[in-house]
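K.L.:
Would you mind keeping the following structure in view while I ask a few things?
The values are calculated or read from the model by the stated rules, or taken from the named source; none is laboratory data. None of these values were measured; they are calculated from a predicted model. No Cβ is skipped: glycine too gets one built from the backbone with ideal geometry, and neighbour counts run over all protein chains shown. Ligands, DNA and RNA are excluded from the accessible area calculation, which covers all protein heavy atoms including side chains. Shrake-Rupley method; radii C 1.70, N 1.55, O 1.52, S 1.80 Å.
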Amino acid sequence: MSRYVSSFQHFQTFLSARRRHLGLSPAGLAVRCDMTPDAIEHIEQGQSLPSPSQAYQLALVLGLDPVDLGRWAVTELLRHPEFLLEHVSEATA
């Protein structure tokens, strides 16, 4: 992912632009990634970061390197620990 985006803020713009380039709505991308439309919109609006597994699914659908995007997601989650709690809560539910 580092070759596509240099920061969390750029990822929001990149994800939205890539989704639109492929002709997908947030709901359409969500269905293909097994996520909710709200999750996609929260990521695009900078309200959350994708988990590594979500990043992997996003990469597959968006035609990106899934390992690279997953690595980026882990790095960004460590840089923004405020987003970690939502993913820990999902994993323990």
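K.L.:
Roughly how many Å² is the accessible area per residue of segment 8-56, as a whole number, for a 1.4 Å probe?
P.N.:
Here the residues of segment 8-56 average 52 Å² of exposed surface.
K.L.:
Next question. Relative contact order for segment 41-85: what percent, with Cα pairs under 8 Å and sequence separation of 6 or more?
P.N.:
Value for segment 41-85: 35 percent.
K.L.:
With a cut-off of at most 11 other beta carbons within 10 Å, and DSSP calling the residue loop, which trypsin sites (Lys or Arg not before Pro) in segment 24-84 qualify? Please list them.
P.N.:
Answer by residue number: there is no such site.
K.L.:
Test of understanding: what is the full-extension gain from Glu82 to Ala27, defined as 0.36 nm times their sequence separation minus their Cα-Cα distance?
P.N.:
Roughly 17.2 nm would be gained on extension.
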